[in-house]
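For reference, the structure discussed in these notes is given below.
The values are calculated or read from the model by the stated rules, or taken from the named source; none is laboratory data. Please read all numbers here as calculations on a predicted model, not as lab measurements. Methodologically, a virtual Cβ is constructed for each residue, glycine included, from the backbone with ideal geometry; neighbour enumeration extends over all protein chains shown.
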Amino acid sequence: MIILGIETSCDETSASVLEVDGQNSKPILKSNIISSSLKLHQKTGGIVPEIAAREQVKYIIPVIKEAISKADIKNSQIDTIAVTYGPGLLGSLLVGVETAKTLSFIWKKPLVPVNHLTGHVYANFIEGIPDFPAIGLIVSGGHTDLILINGHGAIKWLGGTRDDAAGECLDKIGRLLDLPYPAGPQIEELAKKGNINRFHFPSPLIDSSDFDFSFSGLKTAVLREVEKIEHLNNQTIADISVSVQKAIIDVLIKKTLMVAKKHDARSILLGGGVAANQKLRDEFEFEIKNLKLRIPLFVPEKWLCTDNATMIASAAFFNYKPKSLLKIDADPSLHF
Ligand code: KG4
Ligand code: ZN
């Protein structure tokens with residue numbers, strides 16, 4: 001089956017062609033094109049929804065054309081189209097959903113609407129096939145969710161952030177530290193030169209027995225420190241970065257492993273932009289070994305952690321439920 005995936009939930013415009021021949025055969029990635037309006041948003045320190053959507057209107061057709069041409073297939077060879085219908089920015093989602101509906105109508109191909117969060121989970125099914133039940137941790141700019149995956153189409157939400165998402169917290173702290181948006185990758189780089197003993201920031205809810213997170217207090221704790229500092233030099237920014245990163249990583253790992261043990265998980269799946277963080281990936285591996293858990297950890301390649309259309313095509317294959325065009329609408333506040 002050849003799937004054309006389309007993803008436009010935030011500032012990226014992405015299209016991908018993925019060939020999958022069966023649930024146990026490795027998908028063949030034929031192309032993945034991503035165009036981002038990130039540079040335009042760096043000036044404002046965050047995404048301006050109208051600008052993102054306006055850029056996506058310009059790029060959606062060229063990006064889809066390029067994905068098909070790079071995959072070296074004809075339009076007629078596409079078996080099905082998959083599109084993100086939520087959650088995300090309304091204007092951005094509409095660009096993808098309406099384009100996908102139009103192509104589905106003209107080409108007479110089925111259309112599978114995909115939840116963006118489910119897409120992040122299925123980025124893990126490109127390289128391997130995790131066993132169920134699996135615990136998923138989705139950590140992105142908009143979400144921090146712990147889920148139980150009992151099988152394809154059987155996802156149960158177990159907990160999540162009560163306020164800011166982990167990536168959102170990194171991006172807001174980045175603004176306090178004058179770092180360009182998105183700050184996650186910058187904080188990861190700077191943390192390598194930081195002194196872990198200089199600042200101690202809280203890992204909120206780390207000792208609570210639920211599976212919730214809270215990151216807005218961490219941002220406030222950093223603000224308090226920054227207010228005390230007269231001149232924010234590079235070393236201080238690095239020292240703050242390393243402690244912020246640790247505070248976030250510690251709580252993410254502790255709660256994920258706690259929930260994995262509780263549910264006798266046979267695999268742990270990470271997903272979302274923050275999962276691209278190498279320190280998070282290394283610490284997860286370390287802690288799983290340290291606790292002798294014997295649960296395989298699945299982490300997508302870094303480019304598959306941040307938003308892309310390949311994960312949307314993958315999710316559509318494993319949860320193949322085409323819907324009538326009349327019943328597909330963008331849903332900005334969709335949950336698991
Ligand atoms: O999944 P994603 O591309 O978009 C959303 O669905 O939100 O995630 C973007 C988020 C941003 O907050 C960004 O700062 C964070 O992921 N991020 C990282 C890294 N790369 C991206 N955070 C920490 N370390 C990274 N290497
Ligand atoms: Zn995402």
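Within segment 314-336, the set of residues being within 16 Å of ligand 1 (Cβ to nearest atom) and either surrounded by 24 or more Cβ atoms within 10 Å (Cβ to Cβ) or not aliphatic (A, V, I, L, M) (or both) comprises Ser314, Ala315, Ala330, Asp331, Pro332, Ser333, His335, Phe336. Inspect all residues belonging to segment 193-206 and state whether any of them is under 21 Å from the mean Cα position of the chain (by Cα) and in the same structural domain as Ile240 (by TED's automatic domain parsing). The answer is no, given that none of the residues of segment 193-206 is under 21 Å from the mean Cα position of the chain (by Cα) and in the same structural domain as Ile240 (by TED's automatic domain parsing). Tallying residues that are more than 16 Å from ligand 2 (Cβ to nearest atom) and surrounded by 15 or more Cβ atoms within 10 Å (Cβ to Cβ) within segment 66-89 yields 9.
Residue count for segment 253-283 satisfying the condition of being away from ligand 2 (no atom under 16 Å from the Cβ), part of a helix (DSSP H, G or I) and of a type outside the set (Asp, Glu): 13. Consider segment 180-215 and keep the residues that are modelled with pLDDT of 95 or more and near ligand 1 (Cβ under 10 Å from one of its atoms). The one that is nearest to Leu137 (Cα to Cα) is Gly184.
Can we say Val121 is touching a strand residue (DSSP E or B) at 6+ places or on another chain (Cβ under 8 Å) and within 14 Å of ligand 1 (Cβ to nearest atom)?
Values: touching a strand residue (DSSP E or B) at 6+ places or on another chain (Cβ under 8 Å): yes; within 14 Å of ligand 1 (Cβ to nearest atom): yes.
Criteria met by Val121.
In the set (1) under 18 Å from the mean Cα position of the chain (by Cα); (2) surrounded by fewer than 23 Cβ atoms within 10 Å (Cβ to Cβ), the condition left unmet by Lys289 is number (1). Within segment 115-174, being within 20 Å of Pro296 (Cα to Cα), surrounded by fewer than 24 Cβ atoms within 10 Å (Cβ to Cβ) and polar (S, T, N, Q) holds for one residue alone: Asn150. The set of residues from segment 108-151 being β-branched (Val, Ile, Thr) and either assigned to a loop (DSSP other than H, G, I, E, B) or within 22 Å of Ser16 (Cα to Cα) (or both) comprises Val112, Val114, Thr118, Val121, Ile126, Ile129, Ile138.
In segment 268-284, the residue that is surrounded by the most Cβ atoms within 10 Å (Cβ to Cβ) out of those that are within 6 Å of ligand 1 (Cβ to nearest atom) and over 18 Å from Glu127 (Cα atoms) is Val274.
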